[in-house]
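J.: Encoded as structure tokens, here's the structure I'll be asking about.
Values in this text are rule-based calculations from the coordinates and carry no lab data. Bear in mind the structure is a predicted one, so any value in this text is a computation, not a measurement. All Cβ positions, glycine included, derive from the backbone under ideal geometry; neighbour counts span all protein chains shown.
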Amino acid sequence: MGASQTDTHGAVVTRFAPSPTGFLHIGGARTALFNYLFARHHGGKFLLRIEDTDRARSTEPAIAAILDGMRWLDFEWDGEIVYQFARAARHAEAAQQLLDTGHAYRCFATADELEAMRAEQRAAGKPMRYDGRWRDRDPAEAPTGAPAVIRLRAPQTGSVTISDLVQGDVTVANAELDDMILLRSDGTPTYMLAVVVDDHDMGVTHVIRGDDHLNNAFRQLALIRALGWAEPSYAHIPLIHGSDGAKLSKRHGALGVDIYRDVLGMLPEAVENYLLRLGWGHGDDEFISREQAIGWFDLAGVGRGPARFDQKKLESVNGHYLRSADDVRLVELIAGRAEAALGRALVADDRDILQRSMPELKKRANNLNDLASGALFYLRIRPIPMDDSALRLLASAPDGLLGAAHGAFAGINDWTTELLDGAARRLAEDLGVKLGQVAQPVRAAVTGSTSSPGLFEVLETLGRNESLGRIEDALARTQQPEEGVTA
RNA sequence: GGUCCCUUCGUCUAGCGGUCUAGGACGUCGCCCUUUCACGGCGAAAACACGGGUUCGAUUCCCGUAGGGAUCACCA
């Protein structure tokens, strides 16, 4: 890469830099979203870097999961993915440069030695920091052949202030910072070094990340200055918390975006909208399209306090997007779930009936799971299973009602919602009962449940034969235990 | 514990000195619509953490207290 990265001429360049130690979790997704939106808003670039320098914890499946999540959410990145580990030589080169210019030095302190130092500091109630024991010591004093790390010779006086785009001006005394390790004793770069070098080489102008990195920013700035490089702008966004107010982490409540998709049945645009509104707002707007988000997004509007994740609200947002989603798309999305529940593959007729019923079905669901289970009764094969409430309703329905309804419907050849509705109302009137008295037993018979979309729409969608057949099944069922009760 | 950050309804937020009897959304409750369940509509309860300042006037500015958060590795 070298110097070519400076050819961006002030254009915005952001990056999302996850470490592939697990799935793309919801907090990471939000960081990616903000980086994506900020870059697009400014007509800049959004880069992706995989921070895989921790060889023990980085895995291929994790990389695949992260990319999968990025694609699902449609966070399209620019250019090639940068794999940090592959750039180790470049990182070492930067460390050497620092060594040559006197901005870094070798430290021969052993792990045991440092542990003892910290124990002492802890006991004395002092902050635990590297005490700079090798900072000005002659390397010749080191035991021969002893392994060494390379540390940054950081400024010890004065202070650094970062004009963070989210947090505002934040100042920390240099005395609070110690000489961080740049290169481990095995010659591999630490995160601090790798991030600074990569961000520089990639031409990153705006570092937008979780505020758990705010403290790192001060040290990284010292490193950047020692290297004589341009300083990026920083924006440290608050972490997402769980409903209990504690930080959402991989071991505490943070789920991978794949879980939201596959298990919870969320739509990507809903997850995106929810994440955007978490910690950021645009007046009273609740539903914000991708296009609007790109037009409106700004870092100054991001709150500084952590926001709690609210599953109920996500469900609600999801329900909104479900209702406005394309029916063909929804059928595809629930097909797998339906097949699993039914234990058989869906055929063309199944998809056809699902699509026709989708406008009614999607008003009743807030996620794909509920949408799929709500659609199941259309696909069942006679005799359809009945849930307990349907069985109870059928058992307690006035004698002869269901049979009478069957008779009324059987007389209809032009099987439309209007005529079915009219026939049912006429029957109810003739019998002197409310429409519900007629409709509910029929609903139970036809859907196997006491709640469903509008009954006459259901009947029309199901068709004459199937509808009458299901009513006959129910009739047969109620006649068996007690004989002779039907009219 | 040191350092840094934060604090408006239960939750996400609007508010950027007077427009605040503090607005919206989710959730909760009630009503309407209605063949069920939803959707939709209407309405209700619900917040400026506390104490000092500054100011003619503070939700809005400053300080303190309390509470919450982040971070202090040869992990990222």
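J.: Between residue A:99 and residue A:437, what length in nm is gained on full extension when 0.36 nm per residue of separation is reduced by their alpha carbon distance?
T.: Value of the extension gain: 112.9 nm.
J.: If you don't mind, another one. Regarding the range A:200-346, what whole-number volume in Å³ per residue does the convex hull of its Cα atoms give?
T.: Here the figure is 173 Å³ per residue.
J.: Counting other Cβ atoms within 10 Å of each Cβ, which GluC sites (Glu not before Pro) in the range A:56-152 have at most 11 and sit in a DSSP loop?
T.: A:76, A:80
J.: Expressed in nm to one decimal, what extension gain is obtained for the pair residue A:114 and residue A:169 from 0.36 nm per residue of sequence separation less their Cα-Cα distance?
T.: That pair, residue A:114 and residue A:169, stretches by 16.5 nm at full extension.
J.: Assuming R0 = 35 Å, what is the FRET efficiency of residue A:142 and residue A:57, from their Cβ-Cβ distance, to the nearest 0.05?
T.: It comes to 0.70.
J.: If you don't mind, there's one more thing I want to ask. If I model a spin label at residue A:364 and residue A:410 as a point 7 Å from the Cα along the Cα→Cβ vector, what separation in nanometres do I get?
T.: For residue A:364 paired with residue A:410, the spin-label model returns 2.7 nm.
J.: So what are the radius of gyration and Dmax for the Cα set of the range A:302-352, in Å?
T.: Values for the range A:302-352 (Cα only, Rg and Dmax): 16.7, 53 Å.
J.: For the range A:325-332, just list the computed ³J(HN,Hα) in residue order, Karplus coefficients 6.51, -1.76 and 1.60, θ = phi - 60°, integers in Hz, with x standing in for Gly and Pro.
T.: These are the phi-based 3J(HN,Hα) values: 7, 5, 5, 5, 4, 5, 4, 4 Hz.
J.: I would also like to ask the following. Please give, to one decimal in nm, the separation of the simple spin-label points placed at residue A:258 and residue A:157, each 7 Å out from Cα toward the Cβ.
T.: For residue A:258 paired with residue A:157, the spin-label model returns 5.5 nm.
J.: Could I ask something else about it? Please report the orientation-averaged projected area of chain A, defined via the convex hull of its C-alpha atoms, in nm².
T.: 31.6 nm²
J.: I would also like to ask the following. Over the alpha-carbon set of the range A:423-480, work out the extent along each principal axis and list the three values in angstrom, largest first.
T.: So the extents along the principal axes, rounded to whole Å, are 29, 26, 20.
J.: Counting pairs of alpha carbon atoms under 8 Å apart in space and at least six apart in sequence, what relative contact order in percent does chain A give?
T.: So the answer I get is 13 percent.
J.: Quick one: work out the % antiparallel among DSSP beta bridges in chain A, nearest 5.
T.: 55 percent
J.: Within the set of other residues whose C-beta is less than 13 Å from the C-beta of residue A:237, count the net charge using Lys and Arg as +1 and Asp and Glu as -1.
T.: Counting the neighbours of residue A:237, the net charge comes to -1.
J.: Can you give the Rg to Rh ratio of the range A:107-194, both from alpha-carbon atoms, with Rh computed by the Kirkwood formula?
T.: 1.03
J.: Mean projection of the alpha-carbon convex hull of the range A:359-479 over all orientations, in nm²?
T.: Computed as one quarter of the Cα hull surface, the answer is 7.1 nm².
J.: Write down the radius of gyration of the range A:272-311 and its Dmax, each obtained from C-alpha positions, in Å.
T.: Radius of gyration, then largest Cα-Cα span, for the range A:272-311: 10.0, 27 Å.
J.: Please give the FRET efficiency for residue A:71 paired with residue A:373, using the beta carbon to beta carbon distance and R0 = 35 Å, rounded to the nearest 0.05.
T.: After rounding, the FRET efficiency stands at 0.80.
J.: Report, in listed order, any pair from A:312/A:363; A:247/A:362; A:45/A:247; A:45/A:313; A:126/A:247 with a Cα-Cα distance greater than 24 Å.
T.: Cα-Cα > 24 Å for A:247/A:362; A:45/A:247; A:45/A:313; A:126/A:247; rest within.
J.: Same structure, new question: For the range A:38-136, go through all pairs of different Cα atoms, get the mean of 1/r, take its inverse, and jot down that Kirkwood value in Å.
T.: One over the average 1/r among Cα pairs gives 17.8 Å for the range A:38-136.
J.: Additional query: Compute the distance in nm between two label points, each set 7 Å from the Cα along the Cα-to-Cβ direction, one at residue A:131 and one at residue A:380.
T.: Rounded to a tenth, the inter-label distance reads 7.7 nm.
J.: If r is the Cβ-Cβ distance from residue A:473 to residue A:323 and R0 is 30 Å, what FRET efficiency results, to the nearest 0.05?
T.: For residue A:473 and residue A:323, the calculated efficiency is 0.40.
J.: So what's Rg/Rh here for the range A:57-203, counting alpha carbon atoms and using the Kirkwood radius for Rh?
T.: So for the range A:57-203, dividing Rg by the Kirkwood Rh gives 1.04.
J.: Rank the residues A:477, A:304, A:15 as a footprinting-exposure proxy: fewest other Cβ atoms within 10 Å of their Cβ go first.
T.: A:304, A:477, A:15
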